[in-house]
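Worksheet for the structure shown next.
Nothing in this text is a laboratory measurement; each read-out follows from the coordinates by a stated rule. Bear in mind that the values here come from a model prediction, so they are computed numbers and not experimental data. We place every Cβ from the backbone using ideal geometry, glycine too, and count neighbours over all the protein chains shown.
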Amino acid sequence: MRALIIDDSRAMRRMLGNTITELGFEFSEAANGEEGLAELEALESPPELILVDWNMPRMDGLTFVKSARKRPEYSNCRILMVTTEWDIERMTAAMEAGADEYLMKPFEKEALVDKIQMVGLTPPNGGAGA
């Protein structure tokens with residue numbers, strides 16, 4: 001399974017990448033929503049999972065979600081908003097825009113595994129090590 005990590009923090013991309021690699025995912029990454037859309041277009045086939053931050057320069061996560069959901073070829077991608085934004089209005093806006101789930105930073109690995117399973121995906125390693 002493939003994942004796309006979109007976050008302006010290199011450290012967060014590394015941490016998420018290490019975690020999903022342990023779960024058996026292959027991944028690519030982008031530093032903002034514009035790069036994320038370009039990466040989606042460059043991939044041979046859409047990833048099963050997209051992990052996207054909210055607050056990023058050039059294109060924020062909410063705009064990315066709205067843009068990706070307008071494209072039918074990405075309709076089967078599961079989108080998980082991974083962010084420090086915690087208020088209910090933001091959560092609602094993300095879900096209405098097309099995010100499948102919402103995970104607040106900081107989080108434990110087990111919470112990420114739970115959210116991946118909540119969106120209907122089984123990590124290739126079955127969540128091993130969680």
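Listed values, structure above:
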quantity	calculated
Listed residues PRO106, PRO57, PRO46, most fluctuating in the chain (Gaussian network, C-alpha, under 10 Å)	PRO106
Pair SER9, GLU44: separation of 7 Å Cα→Cβ label points (nm)	3.3 nm
Most mobile listed residue (ASP87, ASP114, ASP100) in the chain, GNM with C-alpha springs under 10 Å	ASP87
Spacing of the two label points (7 Å from each Cα toward its C-beta) at ALA111 and SER75, in nm	3.3 nm
Mean ellipticity per residue at 222 nm, deg cm²/dmol - from DSSP H runs of n ≥ 4 across the chain, formula -39500 (n - 2.57)	-12000 deg cm²/dmol
Options (i) 13.1, 36; (ii) 41.5, 116; (iii) 15.8, 53 - which one matches Rg and Dmax of the Cα atoms in Å as calculated here	(i)
Candidates ARG13, ARG90, ARG69, ranked by Gaussian network fluctuation over the chain, Cα under 10 Å, top entry	ARG90
Least to most buried among MET56, MET104 (fewest other Cβ within 10 Å first)	MET104, MET56
